[in-house]
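Just below is one structure, and these are the notes that go with it.
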Amino acid sequence: MWNALKAAAEAGRDRVILDLFEADESRAETFSVTALDLLFDYSKTQIDAATLDVLLDLAKAAEVEARRDAMVFGRVINETEGRAVLHTALRNLDGEAIEVDGQDVMPGVLETLSRMETLAQDVRASDVTDVVNIGIGGSDLGPAMAYLALSPYRDGPRCHFVSNVDAADISDTLRGCDPATTLFIVASKTFTTIETMTNARTARAWLQDNGVEPDGRFIALSSNAEAAADWGIPRDRVFGFEDWVGGRYSIWGPIGLSLMLAIGPDAFRAFLRGAQSMDRHFRSAELHENMPVLLALVGIWHNQGLNHATRAVLPYDNRLSRLPAYLQQLEMESNGKSVAMDGSDLPVNSGSVVWGEPGTNGQHAFYQLIHQGTRVIPCEFMVAAEGHEPELRHHHDLLIANCLAQSEALMRGRSLDEARALMAAKGLNGDELERQARHRVFPGNRPSTTLMMPKMTPEMLGEIIALYEHRVFVEGVILGINSFDQWGVELGKELATSLGPLVSGDASADDKDASTRALLDYVHRYS
Ligand code: F6P
């Protein structure tokens, strides 16, 4: 099946996007899809009808629909860890039964949601002013991203997110908190992650040093209630989830508690409802009208087809500043794998390098390379029709204008003749005109997609995050990999553990390589 993609890529590599629009008046409609209130426009790419057929054939050959059903019905699709994958159950608000090993998981899910809501109401009505979520990776990025994204909906305590084992993170955070009114959430699926446990111990010591009894000041979000209890957090303050919720897919359950505290249980439910609506779309729409499927296929076209290794995610929404980081974990931890589910080598590139920043800031930083660099970087723009500051509508109009201008500029470019005309208009001529003109050429024909949304509400954020989750799933199915394990993070963790005593000087570094020994010597000389 990859041969067909290769052939399509050869045929389409130099296709001129502007010509595609010229030849087909309805291209913008044909190569876009709407779902819920979202519009995903992928017409500014080199994809034509034949390419789309090849891409859809990939999805069919990989049996995306059957795999999707296997996921949402609780089959063990995470084969390397022997687990079901059921983050969708966390937003299955109607409670329709989902069985794992013959047991309906929904009563447990809904009970935990209701316990979270009771706690959120109590905390929001109490004198707690600050909540510190201590977690890393999936136990941090989701709530941290959503807390920022939904700041217009916040009416609860201030939340802070401490993730890095660098003492700077917790020190800077605690400096702004009052020990008497600060609540700590220790968020860790395993309750063993070294960064989180180190930060949690430092937080406990901070309370004690300030004369505050830590009991009642900690809540745990974890699948490992026993370890949380051993740490001193009683079971009624532990909010558990099962091993079928992967860390990077966990914002919908207890890991979302800080968000619920900030925006309230009703808005949190709206967030879940948005995701549930996207789940319904993903489960029912035909492949060619299925937004997550199309997002994934466009990604495969650019990465596995045209060999564009990176993809820029460019939200024109300042409050989505953590979205690229969130998507980095979601996509790169899920699909950054070179071995297929059956143990064979992947015959094509693994998932993309995802990176980005909100617009318009990125325009004044790295867009230069996107427009004129030698590599093509497919761009994924997103923008809402409406902002949250109606009194400053002119800002939002400018924001949208910039977003649309960038995708147009990438596609259109500026030819040498146009650049020459510009230089001539500035009064240049001869060699100098020629030299200056060349610097002002934009190659153009650079692909981008645009995701439009009405407004970034809690429900909308739920839709978008679920959209990306399913995009990752579809890409993983087509690549034939397991998107739900992350063995690639293990080796570094093991080595860090063994290096600890070497850094503190309590063990010899003799069996380390020469570079590592020299780096350790440097540390010992200067510390
Ligand atoms: O090291 C990677 C990872 O396992 C992620 O997958 C996970 O989100 C993160 O660490 C944190 O894990 P935990 O929630 O168990 O502390």
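Quick notes on this structure:
- Among the criteria (1) at pLDDT below 95; (2) hydroxyl-bearing (Ser, Thr, Tyr); (3) in a loop (DSSP other than H, G, I, E, B), the one Ser483 does not fulfil is (1).
- Residue match in the stretch 169-179 (condition: on the phi < 0 side of the Ramachandran plot and within 16 Å of the ligand (Cβ to nearest atom)): yes
- Among the residues making up the stretch 215-243, those that are part of a loop (DSSP other than H, G, I, E, B) and either under 17 Å from Phe161 (Cβ atoms) or acidic (Asp, Glu) (or both) are Asp215, Glu242, Asp243.
- Count - residues of the stretch 244-260 that are in a helix (DSSP H, G or I) and over 14 Å from Ala220 (Cα atoms): 5
- Thr457 fulfils the conditions (1) among the β-branched types (Val, Ile, Thr); (2) farther than 24 Å from Arg322 by Cα; (3) modelled with pLDDT of 95 or more except for a single criterion, (2).
- Applying the set (1) assigned to a helix (DSSP H, G or I); (2) out of contact with any Lys or Arg (no Cβ under 9 Å at 6 or more places or on another chain); (3) of a type outside the set (A, V, I, L, M, F, W, C) to Ser334 leaves exactly one unmet item: (2).
- Condition check for Thr51: hydroxyl-bearing (Ser, Thr, Tyr), assigned to a helix (DSSP H, G or I), touching a residue at least 12 places away in the same chain (Cβ under 8 Å) and in the same structural domain as Asn482 (by TED's automatic domain parsing): yes
- Consider the stretch 119-170 and keep the residues that are charged (D, E, K, R) and part of a helix (DSSP H, G or I). The one that is surrounded by the most Cβ atoms within 10 Å (Cβ to Cβ) is Asp169.
- Filtered residue count, the stretch 215-252, keeping only those that are in contact (Cβ under 8 Å) with a residue 60 or more places away in the chain and within 12 Å of the ligand (Cβ to nearest atom): 10
- Count of the stretch 198-214 residues which are in a helix (DSSP H, G or I) and either touching a helix residue (DSSP H, G or I) at 6+ places or on another chain (Cβ under 8 Å) or more than 12 Å from the ligand (Cβ to nearest atom) (or both): 11
- Among residues of the stretch 503-519, those that are among the aliphatic types (A, V, I, L, M), under 35 Å from the mean Cα position of the chain (by Cα) and under 22 Å from Ile194 (Cα atoms), counted: 1
- Residues in the stretch 500-514 that are surrounded by 16 or more Cβ atoms within 10 Å (Cβ to Cβ) and in a helix (DSSP H, G or I): Leu502 alone.
- Subset of the stretch 423-440 [surrounded by 15 or more Cβ atoms within 10 Å (Cβ to Cβ) and either touching a Lys or Arg at 6+ places or on another chain (Cβ under 6 Å) or assigned to a helix (DSSP H, G or I) (or both)]: Met423, Leu433, Gln436, Ala437
- Any hit, the stretch 31-40, residues being among the hydroxyl-bearing types (Ser, Thr, Tyr) and over 25 Å from the mean Cα position of the chain (by Cα): no
- Some residue of the stretch 168-179 being at pLDDT below 95 and farther than 26 Å from Leu327 by Cα: yes
- Residue match in the stretch 323-341 (condition: farther than 19 Å from Gln486 by Cβ, in contact with a Ser or Thr (Cβ under 8 Å, 6 or more places away or on another chain) and surrounded by 15 or more Cβ atoms within 10 Å (Cβ to Cβ)): no
- Arg280 over 23 Å from Ala385 (Cα atoms), without any contact (Cβ under 8 Å) to a residue 12 or more places away in the chain and not acidic (Asp, Glu): yes
- Members of the stretch 180-197 found to be more than 16 Å from Ser250 (Cβ to Cβ), aliphatic (A, V, I, L, M) and within 16 Å of the ligand (Cβ to nearest atom), listed by number: Ile194, Met197
- For Thr497, the conditions (1) modelled with pLDDT of 95 or more; (2) over 30 Å from Ser344 (Cβ atoms) are fulfilled apart from (1).
The values are calculated or read from the model by the stated rules, or taken from the named source; none is laboratory data. Values in this document were obtained by computation on a predicted structure and should not be read as measured data. FYI the Cβ positions are ideal-geometry reconstructions off the backbone, even for glycines, and counts take in every protein chain you see.
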